[in-house]
Structures are given as C-alpha cells and as structure tokens.
Amino acid sequence: MKRSVTHWADRAAMNIIREKGEKERYVCASGVTPSGTVHIGNFREIVSVDLVVKALQEMGKGTRFIYSWDDYDVFRKVPLNMPKREELEQYLRMPITLTPDPYGEYESYARRNEIEVEKLLPQLGIKPEYLYQAERYRKSIYAEGIRKALLKRERIREILNEHRTTPLGKDWWPITVFCDSCNRDTTVIDSWDGEWKVSYHCNSCNNRETVDLRKASSVKLLWRVDWPMRWEYEKVDFEPAGKDHHSQGGSFDTAKRIVREVYNYEPPVTFQYDFIGIKGRGGKISSSTGEVVSLKDVLEVYQPEVVRYMFAGTKPNSEFVISFDLDVIKIYEDYDRCERIYFGVEDVSEKRREKEKRIYELSQVDGKVGILPYQVPFRHLCNVTQIYEGDIDGVLSFLEAQAERDGKKENFTVSLERIRKRSICAWNWVRIFSPDSFRFRLKKKDEKPVELTGEEKNALYALRDELSERFDSMGEKELSGIFYEIAGRSDMEPKDFFKVMYRVLIGKDKGPRLASFILTIGRKRILEILDSY
C-alpha cells in the first residue's frame, strides 16, 4: 500500500528523489567540528538526516549516511568547561586532532568529543559511516580538490566578496597550511607553482617550506571551499544546515555557487533547521564556550524513543526547547498518547491518527513495531522510584506484579528493557531536576513518629484497620471514599486528614495522590509505618 506523504521526512525524501532523479543509492551527509562537547543542537542535524534516511529506505531506496568529523579544524578557543586550561592554551592554532585530551583517556581532544557521540548514537538507532577529515587530509585524498580550488582562486574570491563588507584582497588563498615545524596555522602562503607545489612561511617559528599537495599532510581548504569540495568528492545528494548557514550570503549560499563553478557538481538538496534552546537557560548553545547540554545529558532524562519523538514530531525549521523542568512529565505523556493512537487504543480523527502513527514509527529505535508496550506513566514512575529509593530492580519487581494482576504480563516482558530505561530516567530526573515540592522520602518504621493529636491518631488507627482488613481487594476509587468516611467520622475536614497522612508518610503537608500512593507503597510497608503509632 502506498504511504501517504504527511511527515516532513517523507516529503524531504520525495524531494531528494525528484531533484536528483532515480539513483541506486542516495548519499546523505552531516558533520560537525568536535571543538568541544557535541551538544544537543548538533544532534538535531544528525537525527534530521537519520529520519530522512529512514524515509528513503522505506521507499525502497539505497542510502549512504556519512557523518564527517571535521577534526582537522584549528583549535581556536579553550571551552570554559575544560580542565587544564593553561595546558590546552599551548595548543591554540593547532589542529584539534593534535590537541591532547585533558583527561588523559583518549589519543586527542578531538577524539574525546567524537567517541562520546559514537557510543551514544546506536542507542538511538543512528549508525552513520564516520569520516575523519584529519585522516583524509593527511593522506592527501583531497589533493585534486585543493588544486582545483587554487586554479579557480580568483573566481572563488569574487563569489565570496559579493557578500563581504571588507573584500578579500588579491593575496587571499583558499587554503591554509599547518606549519610542518610548529603545527600552527600561523602561516602565510608565498606562492603556488600552478600545479602541485605550495610555498609558505610561518609567522610563529619562521619556518619556510615548499610542499607537494600530493604528499603534504598539512594543507587544507578553508571551510567555505572545503564544504563544496567534499560534496563533489562524496557525491552528496542531501545535507541540511542550520539557519545561520542558510542566511543570505551564508556558507551554504556560497558553497552552492562554488560547487557548481569550481567542481562542476550540482549542490545537494537541503533544508534549514532551527536552533534548540534549553528551558530556563538563555543564549545559544555553544561548544566553544562550554555552555552546552549534550546528548548524554538528554538521555539521562529521556528514553531514546522519546528523544527521537521530540525531533520527529517537530519540523526542522521550528525552534523548540529541551525541557528539564516539570514539562518532562508532559512530554512523556504526549509520547505515550502517540503510542496509544498508533495501536488504536485511543480514538482520534483520521487526520490526527495518520500524523501520529508516522511520528511514532520514526520514533522507534530499531524501526520495528510489535505489540503495544506495557505503559508506565512517567509521573507514576517518579513516585515508585522514590518509594524504592532508586532501587531499579525493586521498581521492576513491583511493576511486574502489577502487570500480572492486570493481565498484561506478556506486554510487560517484551517491554522490560524500555521500562528499565524509563525508570532510570525517572530517578535521574527526580534526583537532579525535579522541584523540591515534587521530591519525597518515605518514612521508615523505626523513625520517630510525628506528633499527632488524639483526634488525628484515631483517624490514622481507623485507616490502619481498613487497610489491614481489605488492602488487597481495594481499588483507588474505593480507598478514596474511605478517606472521606474516616474524616467525617473523626470530625475532621478532608483536607486536614490528607495533611496528616502526608506528614505521617513523607513528613510533608502535600504529596502524590494519596489513594494511588498508598496502594503503590504496598500493604506491608504502609502497615509498618502506621503501626509505629
């Protein structure tokens, strides 16, 4: 059955096929400079490409998803979140791939930033082919591309000058050279022989040298020329870019002209994606300053499917924020609702169903959809993890028993790893990000009881007796009714009864919905606490 093209990723895939024609394989590209921690804003480009790749594959098309680590870029600034800042400053103006890892764990500063992302992306079902630009430049793979840029040096300068307030002079070159003596880019190009040899001198160490592009490991193209050169070299069909690159006269604008006029290749299909903000924090995320929220940070609070859902459910050209406040609960609720709509459990209009089903499909890590997973609301998990004080195995045992009582053991079993991840995320969020009013610690049976009046104790004893006799047969609605009955018999306002119970259980005046809370705590533990009075 032909799929209705309703999702932005499907429309992008159709656009690629239409503009590039029928091909055996479509090359989709992304990349970043690992100049600091790779942040969630960088991830937007990665996941956007992945979603389009998935759409192409579902249309029966072959794909190649390449991700370039621009690790031969210069180390310009030490991010604020880095240790050993003075030591790192000694490597400024060198390639970041030659800058050491300040933690001493990896072969370079660049590799440290790369490896974290490479370890995390498979958790989200994203598995690109990585291209390491330092390695490729050092092997002189791009020698011919560099030579073409030198041959068309004047035309490139003219293109770039159309969008500059301060024009590039006649002495401008489209390349930079890292000095073979001190490894810095503080060099000046003296001459080019018209073929393969470039002469330069270094302003830092006074080294003078002539290098052959076919053998040199130190020459690279400037960014605005490097990008279109690689489009032609890799035969890229699709690559999105941020709105800063897509601005009039920006790097994408000039790259399109350079790739046509210098490299005789049609530019890739593209779309613009917007920035991502972090709820409660101002300013643009920046790797170079260290003001970042990384993919690792996000995965500590959001399970992988929900991370994909946030991006799949938002058009790339829409700005949105990643929340770490109470909105986290709503985002999980929205994902669970999307899941219920997909499996037909929640009824919505046909148009809404079609939209939500496609978002859900693209949110799945492995692309496979089986039976309806066992859903555990995130808010409920936050309470359960606090009751079990972060003991995830204890949480899972409790939830498994609950699923068995509900006749959903099979759903629970197939969803076990997902529930485990969500439980860990819930505990992380409670500990690190939730407001104080949301947090609690369940009292232990041997803790000193809170002071109660005789009237309050009588109400507590009455509840203890009811729970002792009928706990296993009571539902939430019935237990709520008992609260009001006891409050009435004890001449207490219901709000005062609730307040007493929260003080007894968690030492606060407010807490989770009481009936559900008590049933979640369990018969044994609730009676232990009440018996201490």
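Here, each number is a calculation from the coordinates, and none is a lab measurement. From a predicted model like this one, the values you see are computed outputs, not experimental measurements. Positions of Cβ are generated from backbone atoms using ideal geometry, with glycine treated the same way; all protein chains shown enter the neighbour counts.
Please flag any cysteine in the chain that has no other cysteine's Cβ under 4.7 angstrom from its own Cβ.
Cys28, Cys338, Cys382, Cys425
For the pairs Lys119/Lys510; Lys127/Lys315; Lys243/Lys357; Lys77/Lys421, note any where the Cα-Cα span goes beyond 32 Å. Don't skip to the end; give the middle numbers.
Numbers: Lys119/Lys510 42 Å; Lys127/Lys315 22 Å; Lys243/Lys357 29 Å; Lys77/Lys421 36 Å.
Where the Cα-Cα span goes over 32 Å, the pairs concerned are Lys119/Lys510; Lys77/Lys421.
With every atom except the alpha carbons ignored, what do you get for Rg and Dmax of the stretch 23-148, in angstroms?
Gyration radius and largest Cα-Cα distance of the stretch 23-148: 16.4, 53 Å.
Pull out the extension gain between Arg260 and Tyr103, defined as 0.36 nm times the separation in residues minus the alpha carbon to alpha carbon distance; nm, one decimal.
Values: separation 157, 0.36 × 157 = 56.52 nm, distance 4.36 nm.
Residue separation times 0.36 nm, minus the Cα-Cα distance, leaves 52.2 nm.
For the stretch 454-531, how big is the tail of P(r) above 20 Å, as a whole percent of Cα pairs?
20 percent
Order by neighbour count: Ile258, Ile40, fewest other Cβ atoms within 10 Å first, most last.
Numbers: Ile258 27, Ile40 23.
Least to most surrounded, the residues fall as Ile40, Ile258.
Sequence neighbours fewer than 8 away in the same chain don't count; with that in mind, list the aspartates and glutamates whose C-alpha is under 19 Å from Lys495.
Counting by Cα, and skipping residues close in sequence, Lys495 has these aspartates and glutamates nearby: Glu451, Glu455, Glu456, Glu476, Glu478, Glu485, Asp509.
How large is the direction-averaged shadow of the alpha-carbon convex hull of the stretch 253-385, in nm²?
Working: hull surface 48.1 nm².
Projected area, direction-averaged: 12.0 nm².
For the residues Val430, Val236, Val52, what sequence is obtained by ranking on other C-beta atoms within 10 Å, fewest first?
Details: Val430 18, Val236 23, Val52 27.
Ascending Cβ contact count within 10 Å gives the list Val430, Val236, Val52.
On alpha carbon coordinates alone, what is the Rg over Rh value for the stretch 145-269, Rh being the Kirkwood radius?
Working: Rg = 15.2 Å, Rh = 15.4 Å.
Rg/Rh for the stretch 145-269 comes to 0.99.
Within the stretch 344-448, list the GluC sites (Glu not before Pro) lying in a DSSP loop whose Cβ has at most 15 other Cβ atoms in a 10 Å radius. Before the final figure, lay out the partial values.
Details: sites: Glu346, Glu350, Glu354, Glu356, Glu361, Glu389, Glu400, Glu404, Glu410, Glu417, Glu447; in loops: Glu346, Glu389, Glu447.
Listed in order of number, the matching sites are Glu346, Glu389, Glu447.
Once both labels are modelled 7 Å past Cα along the beta-carbon direction, what's the His201-Glu129 spacing in nm?
Rounded to a tenth, the inter-label distance reads 4.4 nm.
Ratio to report: Rg/Rh of the chain, with Cα atoms as the point set and Rh obtained by the Kirkwood method; give two decimals.
On the way: Rg = 30.0 Å, Rh = 27.2 Å.
Radius of gyration over Kirkwood radius for the chain works out to 1.10.
Take the Cα radius of gyration of the stretch 378-438 and divide it by 2.2 N^0.38 Å, with N its residue count; two decimals is plenty. Don't skip to the end; give the middle numbers.
Values: Rg = 11.8 Å, N = 61, 2.2 N^0.38 = 10.5 Å.
Compactness ratio reported: 1.12.
Test of understanding: ordering Arg358, Arg503 by Cβ neighbours within 10 Å, fewest first, what list do you get? All intermediate terms of the calculation are to be shown ahead of the outcome.
Working: Arg358 22, Arg503 19.
Ordered from fewest to most neighbouring Cβ atoms within 10 Å, Arg358, Arg503 come out as Arg503, Arg358.
Can you tally the net charge around Leu92? Count Lys and Arg as +1, Asp and Glu as -1, for every other residue whose Cβ sits under 9 Å from the Cβ of Leu92.
Numbers: positive: Arg76, Lys77, Arg93, Arg184; negative: Glu89.
Cβ neighbours under 9 Å give a net charge of +3.
Could the peptides 376-387, 479-490 be put in order, highest first, of the mean number of other beta-carbon atoms found within 10 Å of their residues? Before the final figure, lay out the partial values.
Details: 376-387: 21.4, 479-490: 15.7.
Ranked from most to least packed, the peptides come out as 376-387, 479-490.
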